[in-house]
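**Student:** Structure provided below as structure tokens; questions to follow.
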Amino acid sequence: MKRPPLQVAVVCWLVVGCAGVHRFHPNFYSLDGDIRLGEQLSKEVETDLVLLRHSALNQVVNTVGRRLLDASPEPAFKLFPYSYHVVDSPEVNAFALPGGPVYLNMGIVEVCETEDELASVMAHEMSHVAARHATEMLTTQNLSQLAIIAAVSVVPIPIPPIAWEGAKLGYVLSLLRYSRGKEAEADRLGLRLMNAAGYDPTAMASVFRKLSEQQHSLPSVVERFMSSHPLSEDRMRDAERRAAELERPAATAVAAASPSTFPQVKMMFAKD
């Protein structure tokens, strides 16, 4: 029986989109589609965010991002043009858009006491990008939604505003509710990434513990983060166990990294 044209197109795009960490997972998007969608969404979200223009802090964040990316043992990380942004918000939150844009609220930066802890947050978000979690989740939507979403990234013509709003809303809702499996995978990939870069992988569990404590003392401040990054006791213990099992890189590689200026920059920011 002859396939309807739309089904043929979907099959083709699913095959083309299978790249990254999950080479055999269906993904409606090509790698370029991930990047285009991320670029479009970043323009949208930045109309609602105030990005922090603190040069020293932005320099630290970008330096951490480059160090993580340069050391990545997983080729999938190098497929995307990561960018890093600090949001002027006391809310504890962090998120990444497909294709590379990573956003860190000042609230979560302040939770981090060391550069290793900051690196753990960034490595986790970068892992969502490398694993292509957002577009994998979009691929599991029903066929009518996929048809709209595909148009956003593969058709080089203006998209009707209503269609674009529908795709954007579907993405944002899915972004805030990653499955436990995808969160666990981002933890695992993030631990390997920060370990390869010479950061202390036990810092990830340390950040988890601090966020869990804030959930009890200041629940409204961490509410959005917890909705998208649920922290169970099992997850925290798993991060501790995996960190302990990692083989640390050669001391020479760690020594080659520049001394951290993160604590000093945080103090400067607090005085501003």
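**Student:** Quick one: how many residues across segment 73-92 are in contact with a Phe, Trp or Tyr (Cβ under 7 Å, 6 or more places away or on another chain), at pLDDT below 90 and open to solvent by 10 Å² or more (accessible area, probe 1.4 Å)?
**Tutor:** So the count comes out to 0.
**Student:** Exactly one of (1) within 16 Å of the chain's Cα centre (by Cα); (2) at pLDDT below 80; (3) surrounded by fewer than 16 Cβ atoms within 10 Å (Cβ to Cβ) is unmet by His216. Its number?
**Tutor:** Here His216 clears every test but (1).
**Student:** Is one or more of the residues making up segment 177-198 at pLDDT below 80, more than 30 Å from Ala56 (Cβ to Cβ) and open to solvent by 80 Å² or more (accessible area, probe 1.4 Å)?
**Tutor:** Within segment 177-198, one or more residues are at pLDDT below 80, more than 30 Å from Ala56 (Cβ to Cβ) and open to solvent by 80 Å² or more (accessible area, probe 1.4 Å).
**Student:** Continuing with the same structure: Answer yes or no: is there a residue in segment 113-123 that is surrounded by fewer than 19 Cβ atoms within 10 Å (Cβ to Cβ) and more than 11 Å from the chain's Cα centre (by Cα).
**Tutor:** yes
**Student:** Pairs under 8 Å by beta carbon, first residue at pLDDT 90 or above and in a helix (DSSP H, G or I) in segment 30-41, partner among the basic types (Lys, Arg) and buried (at least 21 other Cβ atoms within 10 Å of the Cβ), six or more apart or different chains?
**Tutor:** Asp34/Arg132
**Student:** I want to confirm something. Restricting to segment 46-72 and keeping residues that are in contact with a Ser or Thr (Cβ under 8 Å, 6 or more places away or on another chain) and farther than 22 Å from Ala196 by Cβ, which single residue is least open to solvent (accessible area, probe 1.4 Å)?
**Tutor:** That would be Ala56.
**Student:** Show the residue pairs meeting these rules: Cβ distance below 6 Å; 6+ apart or different chains; first residue within segment 70-85 and more than 16 Å from Gly38 (Cα to Cα); second residue assigned to a helix (DSSP H, G or I).
**Tutor:** Filtered contacts from segment 70-85: Ala71/Ala196; Ser72/Leu193; Pro73/Ala196; Ala76/Ala130.
The values are calculated or read from the model by the stated rules, or taken from the named source; none is laboratory data. This is a predicted model, so every value here is computed, not measured. Backbone-built Cβ (ideal geometry, glycine too); neighbour counts: all protein chains shown. For the accessible areas, the whole protein counts, side chains as well, though only heavy atoms, and no ligand, DNA or RNA atoms are used. Shrake-Rupley method; radii C 1.70, N 1.55, O 1.52, S 1.80 Å.
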